[in-house]
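Read-outs: derived from the displayed coordinates by stated rules, not from any lab. Since the structure is predicted, the reported quantities are computational estimates derived from the model, not experimental observations. Backbone-built Cβ (ideal geometry, glycine too); neighbour counts: all protein chains shown.
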Amino acid sequence: MKTLSILIMMLTAGIFLFGCAPRARQNELEGFIKAHVEKIKPLQKERNLAAWDAATTGKSEDYERASSSTLKIRQVYSNPREFAFLEEVRKSGKISNAILARQSDLLYNRYLENQIEPELLKRIVDLSSEIERTFSTHRGKIEGQEVTSNEIRDVLKTQTDSLKRKRAWLASKQVGAVVAEDVIRLAKLRNQAARNLKFDNFHTLSLATVEQDVKELDRIFDELYELTNEPFARLKADLDRILAAKYDVAVADLMPWHYHDPFFQETPMVYDLDLDTYYEDKDIKDLAARFYAGIDLPVESILDNSDLYEREGKNPHAFCEDMDRQGDVRVLCNIKNNEYWMETALHELGHGVYFKYYNPETPYLLREPAHIFTTEAVAMFFGRLSRHPAWMQQMLDLSDQQRLEIEKVSDKYAQLKQLIFARWAMVMYNFEKQLYANPDQDLNALWWRLVEKYQFVKKPQGRDNPDWAAKIHVPLYPCYYHNYLLGELLASQLHNHIVHKVLKLKSDENVGYVGQRKVGDFLRKKVFEVGAVYHWNEMIERATGEPLTPKYFVTQFVK
Ligand SMILES: [Zn+2]
């Protein structure tokens, strides 16, 4: 009797607990998130403001302020107790509220990537800084003479003498030999950190923390490889014929130094396309503002907060930053009236409208792009317009004759640019995957196997040097490069969907989007407003009817 009543009591207690535990867990999580946001929100704003000041003034005290607030943020996310709580929540699987569950997933990932023992972390940071320093101070040598990377690039762009090209290319690889051993050590340290967190290696950890899956990426990249193989071979054969004639060598004798940059990642400028003349007497800022206003995504408030023109001490590049997730969005540019800055302004403002048009009702932690590559995709989608014949004709009031001139080369150039970049990005993705899977393998041989397979560029006979280590992204921006390519794929998928489903057109032949308010409306509702409420692939599927696929990149650029 006694045991029975105890059993009944235990059972009722059990039922009681089972009934209430999820609710209690959910409340606990809600409290955790509230406290977390209160802590992180001012820190993130402080960091963004400091980084903005640093970029616009170049003052070292601003840089110091930026790095100390970055450190404070890192300290929040490295807290092991809070991580343990989030892990428990995750394991319990009992969060029925989707918005809460989503926030908890994203938080879990932020904490996960910061759970590295302080001592190991210090070794990783120190070694990275050392490699970074070598990259910024090392100068390659041509016949004993030091050269800058700009000088090397100039030779590769203009020189027609093969021997001089070869020397410049070899000079560009010398930094690789200097850092290679350190890069391998760094890869092993990163792997050690990943294994402590129960991942196979650093590559799989890095992908997991940004909700990417190796199998899924392999599938997308393999498909793209198959679909671009034949057309890339054709385009490259054309290009090789032109280059061989220019350098007076046989096509069969073309070597890596015959392309126009050290890694053959950019389009050699062999088809005349000088678009700058169309922009030199125009106002880039005004063009960008008018275009975005015309698609109902006005950017005046962004431009008012921005820093757009060159100045002493200012960062010479371009970026866009969301300062507070409450509408203070800023762009840094160094605008000149040419095509490069038209593309850049459209690109950065593409990031800008994504940030500006979040739904303010969305919880703070979800007022973010669905993924780093989805904001890149929107930026690329708009950046591509600066060379688009229809866009240029409408925005710059060009005659039909002028448009024809642009069309003669712009299509071919766009195809080349995209295919060359895609094949290069495949080298990077596969190399990094295999580097972390086994850092002790013959990496020099692996690199050239991949370059030959994807880029159709021949390994110089007998070459056994760490040419892979000369690419700064390998040590310093690890496991990130593939996002550029995913961004291009999504930009094309969005383009296809907007042309056919939103604007309901049969082809994209005449589509420059000028004055198409439906474009802004679609992007705002289906992409920007949802922020990070859904996993990136769910967002893409909800917006376009399909998960991410390379097929529209192929229809757009493979002719
Ligand atoms: Zn960007």
So which lysines pass the test for LYS336, namely a Cα distance under 19 Å, with those fewer than 8 places away in the same chain ruled out? LYS282, LYS285, LYS314
Between ARG219 and VAL251, Cβ-based FRET efficiency (R0 35 Å, step 0.05) works out to 0.55
Between 0 and 90 degrees, rounded to the nearest ten: what's the tilt of helix 284-294 against the longest Cα principal axis of the chain? 50
Run the simple label-point estimate for GLU117 and ALA445 please: 7 Å along Cα→C-beta, distance reported in nm. 3.5
Rank ASN114, TRP52, SER96 by how far each Cα sits towards the positive end of the charge dipole of the stretch 43-135 (+1 on Lys, Arg Cβ; -1 on Asp, Glu Cβ) and give me just the farthest. SER96
For ILE302, ILE295, ILE99, order by how many other beta-carbon atoms lie within 10 Å, fewest first: ILE99, ILE295, ILE302
Once label points are set 7 Å from the Cα along Cα→Cβ at both ASN150 and GLU211, what is their separation, rounded to one decimal in nm? 4.1
Can you give me the long-range amide H partners of GLY140? Hydrogens built in the peptide plane at 1.01 Å from N, cutoff under 5 Å, separation of 5 or more residues or another chain. VAL147
Can you tell me the dipole magnitude for the stretch 9-161 around its Cα centre, using point charges on the Cβ only (Lys, Arg +1; Asp, Glu -1), in Debye to the nearest 20? 800
Could I have the simple spin-label model distance between GLN461 and ARG542, label points 7 Å from Cα toward Cβ, reported in nm to one decimal? 6.0
Residue separation between HIS500 and ASN229 times 0.36 nm, minus their alpha-carbon distance, gives in nm 94.9 nm
Mean Cβ neighbour count within 10 Å, used as a protection proxy, ranking 80-91, 539-550 highest first: 539-550, 80-91
Relative contact order of the chain, pairs being alpha-carbon contacts under 8 Å that are 6 or more residues apart, as %: 16
Stretch ASP281-LYS141 to full length: gain in nm at 0.36 nm per residue minus the Cα-Cα span? 46.3 nm
Looking at LEU254, GLN415, GLN455, which one has the Cα that reaches farthest to the positive end of the dipole of the chain (charges on Cβ: Lys, Arg +1; Asp, Glu -1)? GLN455
Any chance you could give the angle, 0 to 90 degrees and rounded to 10, that helix 400-437 forms with the longest Cα principal axis of the chain? 50
Taking Cα atoms, how many degrees apart are the long axis of helix 98-113 and the longest axis of the chain, rounded to 10 and kept between 0 and 90? 70
Nearest-0.05 FRET efficiency for HIS317 and LEU476, computed from C-beta distance (R0 22 Å): 0.90
By how many nm would the segment from ILE99 to LYS188 lengthen if fully extended, with 0.36 nm per residue of separation less the alpha-carbon distance? 28.3 nm
FRET efficiency for ASN334 and LYS198, using Cβ-Cβ distance with R0 set to 41 Å, rounded to 0.05: 0.35
Based only on Cα atoms, what Rg/Rh ratio does the chain have, Rh being taken as Kirkwood's radius? 0.99
To the nearest 20 debye, what is the magnitude of the charge dipole of the chain about its Cα centre, counting +1 on the Cβ of each Lys and Arg and -1 on the Cβ of each Asp and Glu? 1440
Where does each of 324-331, 512-519, 243-250 land if you order them by average Cβ count within 10 Å, highest first? 324-331, 512-519, 243-250
So for the stretch 28-105, averaging the separation of alpha carbon pairs under 8 Å that are six or more residues apart and normalising by length, what relative contact order in percent results? 31
Give the lysines reachable from LYS471 as a straight Cα distance under 21 Å; neighbours fewer than 8 places away on the same chain don't count. LYS141, LYS157, LYS166, LYS173, LYS188, LYS417, LYS433, LYS453, LYS458, LYS459
Antiparallel DSSP beta bridges within the chain, percent to nearest 5: 90
